[in-house]
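Just below is one structure, and these are the notes that go with it.
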């Protein structure tokens, strides 16, 4: 057991990391720099990944002094790191003056290395099966704090994919999310292909519509049941953002290009794991070029859902495949360090400022 200090971005000055090119143009103007210096700033921040303004060697010393006086970079290290038996790594970051979020690095044998990024401190969605939702909501992460997770993990330079599937609902924090997506995919920023990025949502229609209109990143939608009443018990968001309306919206867009859409389906023993569930899910998704990812439930404290059997998961998968819906069973990673799907929660850490190693 280790005590956690107040590490993190504690300064009140604006942070440069997390700013878009347009915002950096404003910074350049305030510093008395020419307009083209905004791209120089972006190059230092997002390509060279410096950690101090002093490292911007093609900026005049007097201008660097101005920047140091008025801005921070906004890069800070994780306060803890634990490694699973399967080499999954969970990081703990201090944000928002002493609160904490978790980030998960998932290596794979095929050279695919994925970072699971958080977008909020806790979550408002309160899904019945999710550890993050059970801890409640304590605030949105800034674009600086989201990007810092990507920048500051030890494996940053070997990442092949980023998934917004960590703590929080990304479409409940759209301002920071879309700024980060722009920085990740723009030529002035990280220059990543949108195909390497997936945003996961419980189905907030307003944010989803903007995403479908403005982004080529991949999309994952948590569904967990084809039946509205049953889904409402699992995911309260069904009351205000019904899955049928979510799917109706998706049908309005062309997914024949490279953008991928998947539906995440956590399977609970004797609840949503029947063949009839699979058949009705196939009907609901018919005609959408998508993939269904089946996920076994990972037990969290004070929740009574049961694990589904492998046999039932395989039968569910085959039923969907037979109905023309591509379906796979996702391999669980990091369960022994509470880093698997639905297990991320810093409630105990935020309350006691203790982290169990």
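Hey, residue 166 hits all of (1) surrounded by fewer than 22 Cβ atoms within 10 Å (Cβ to Cβ); (2) at pLDDT below 95; (3) out of contact with any helix residue (DSSP H, G or I) (no Cβ under 6 Å at 6 or more places or on another chain) but one; which does it fall short on?
Of everything listed in (1) surrounded by fewer than 22 Cβ atoms within 10 Å (Cβ to Cβ); (2) at pLDDT below 95; (3) out of contact with any helix residue (DSSP H, G or I) (no Cβ under 6 Å at 6 or more places or on another chain), residue 166 misses just condition (1).
Would you mind telling me which numbered condition in (1) modelled with pLDDT of 95 or more; (2) surrounded by fewer than 16 Cβ atoms within 10 Å (Cβ to Cβ) residue 255 fails?
All conditions pass for residue 255, except number (1).
In a helix (DSSP H, G or I), over 24 Å from residue 85 (Cα atoms), in contact with a strand residue (DSSP E or B) (Cβ under 7 Å, 6 or more places away or on another chain) and modelled with pLDDT of 85 or more: is that true of residue 316 in this structure?
It is true that residue 316 is in a helix (DSSP H, G or I), over 24 Å from residue 85 (Cα atoms), in contact with a strand residue (DSSP E or B) (Cβ under 7 Å, 6 or more places away or on another chain) and modelled with pLDDT of 85 or more.
Give the residues of the stretch 274-289 that are assigned to a helix (DSSP H, G or I) and out of contact with any helix residue (DSSP H, G or I) (no Cβ under 6 Å at 6 or more places or on another chain), sorted by residue number. Break it down into steps so the answer makes sense when it comes.
First pass over the stretch 274-289, keeping only residues assigned to a helix (DSSP H, G or I): 275-285.
276, 277, 279, 280, 281, 283, 284, 285 - these are the residues of the stretch 274-289 that are assigned to a helix (DSSP H, G or I) and out of contact with any helix residue (DSSP H, G or I) (no Cβ under 6 Å at 6 or more places or on another chain).
Quickly run through the stretch 201-242 and pick out the residues that are free of Cβ contacts under 8 Å to residues at least 60 places away in the same chain, part of a helix (DSSP H, G or I) and either under 20 Å from residue 316 (Cα atoms) or out of contact with any helix residue (DSSP H, G or I) (no Cβ under 9 Å at 6 or more places or on another chain) (or both).
213, 228, 230, 231
Checking the structure you have, find out if any residue of the stretch 294-307 is within 26 Å of residue 346 (Cβ to Cβ), touching a residue at least 60 places away in the same chain (Cβ under 8 Å) and in a strand (DSSP E or B).
No, the conditions are met nowhere in the stretch 294-307.
Could you please find all residues in the stretch 116-133 being touching a helix residue (DSSP H, G or I) at 6+ places or on another chain (Cβ under 7 Å) and either farther than 19 Å from residue 77 by Cα or outside any loop (DSSP other than H, G, I, E, B) (or both)?
120, 122, 123, 124, 125, 126, 127, 128, 129
The values are calculated or read from the model by the stated rules, or taken from the named source; none is laboratory data. Everything numeric in this text was worked out from a predicted model, so none of it was measured. Neighbour counts are summed over all protein chains in view; Cβ atoms, including those assigned to glycine, are modelled from backbone coordinates with ideal geometry.
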